[in-house]
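> If you scroll down you'll find the structure; I have some questions about it.
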Amino acid sequence: MDGNTIFEVGSVTKVFTSLLLADMAQRGQVALTDPVAKSTCLLGLKMPERNGRQISLEDLATHTSGLPRLPSNLSPKDAANPYADYSIEQLYQFLSGYQLTRDIGPQYEYSNLGGGLLGHVLARRAGMDSEK
């Protein structure tokens, strides 16, 4: 190992993403209660909602969005790096056609999809690419 060694950090990135959300909320750049659909990058995209409730940034951070662990249109070419070839277009396609199977909020369900979506929304809100 040396300074160029790459490590997979996996789900620990969700902690960093949630800390970024908290920081951006404290700075007034976003509100925890902001609907995900309000995000500039998702304007015009049909986001899943249920019983008149929209998914908020806080719902994504706390895994209470009702989104599944993984999108059904994820079929990785490399199982060791399953998200490498999953595009933003595929993400938007999944979200626009997904029907939530439970209410938003009352129940925790771990969601890699929700964590990734939160990172994407915050990166775009900050004027950055989520890949960087």
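The values are calculated or read from the model by the stated rules, or taken from the named source; none is laboratory data. Every value quoted in this text rests on a predicted model; they were computed, and no experiment measured them. Cβ sites come from the backbone with ideal geometry, for glycine too, and all protein chains shown count toward neighbours. Ligands, DNA and RNA are stripped out before the accessible areas are found, and what is left, the full protein with its side chains, is counted by its heavy atoms. Shrake-Rupley method; radii C 1.70, N 1.55, O 1.52, S 1.80 Å.
> Find the residue count for region 47-71, including only residues that are within 15 Å of the chain's Cα centre (by Cα), in a loop (DSSP other than H, G, I, E, B) and of a type outside the set (Val, Ile, Thr).
Within region 47-71, residues that are within 15 Å of the chain's Cα centre (by Cα), in a loop (DSSP other than H, G, I, E, B) and of a type outside the set (Val, Ile, Thr) number 10.
> Still on this model: So, in region 1-29, of the ones that are small (Gly, Ala, Ser) and over 11 Å from residue 58 (Cα atoms), which residue ends up modelled with the lowest pLDDT?
Ranking the candidates gives 10 first.
> Kindly evaluate residue 111 against the criterion of being among the polar types (S, T, N, Q), under 27 Å from residue 6 (Cβ atoms) and either touching a helix residue (DSSP H, G or I) at 6+ places or on another chain (Cβ under 9 Å) or modelled with pLDDT of 95 or more (or both).
yes
> Within region 30-57, work out how many residues are loosely packed, with under 13 Cβ neighbours inside 10 Å, modelled with pLDDT under 95 and in contact with a helix residue (DSSP H, G or I) (Cβ under 8 Å, 6 or more places away or on another chain).
Looking only at that region, the number is 3.
> Also, quick follow-up: Among residues belonging to region 60-89 that are among the β-branched types (Val, Ile, Thr) and open to solvent by 30 Å² or more (accessible area, probe 1.4 Å), point out the one that is nearest to residue 10 (Cα to Cα).
62
> Right, here's the next one. Taking interchain pairs and intrachain pairs at least six residues apart, which have beta carbon atoms under 8 angstrom, with the first residue in region 6-23 and in a loop (DSSP other than H, G, I, E, B) and the second of a type outside the set (Val, Ile, Thr) and open to solvent by less than 50 Å² (accessible area, probe 1.4 Å)?
Taking only residues 6 or more apart or on different chains, the pairs are 11/112; 11/115.
> Moving to a separate point now. Of the numbered conditions (1) assigned to a loop (DSSP other than H, G, I, E, B); (2) without any contact (Cβ under 8 Å) to a residue 40 or more places away in the chain; (3) among the polar types (S, T, N, Q), residue 29 satisfies every one except a single condition; which is it?
All conditions pass for residue 29, except number (2).
> Something else now. Restricting to region 14-28, count the residues that are surrounded by 13 or more Cβ atoms within 10 Å (Cβ to Cβ) and among the polar types (S, T, N, Q).
Residues in region 14-28 being surrounded by 13 or more Cβ atoms within 10 Å (Cβ to Cβ) and among the polar types (S, T, N, Q): 2 in total.
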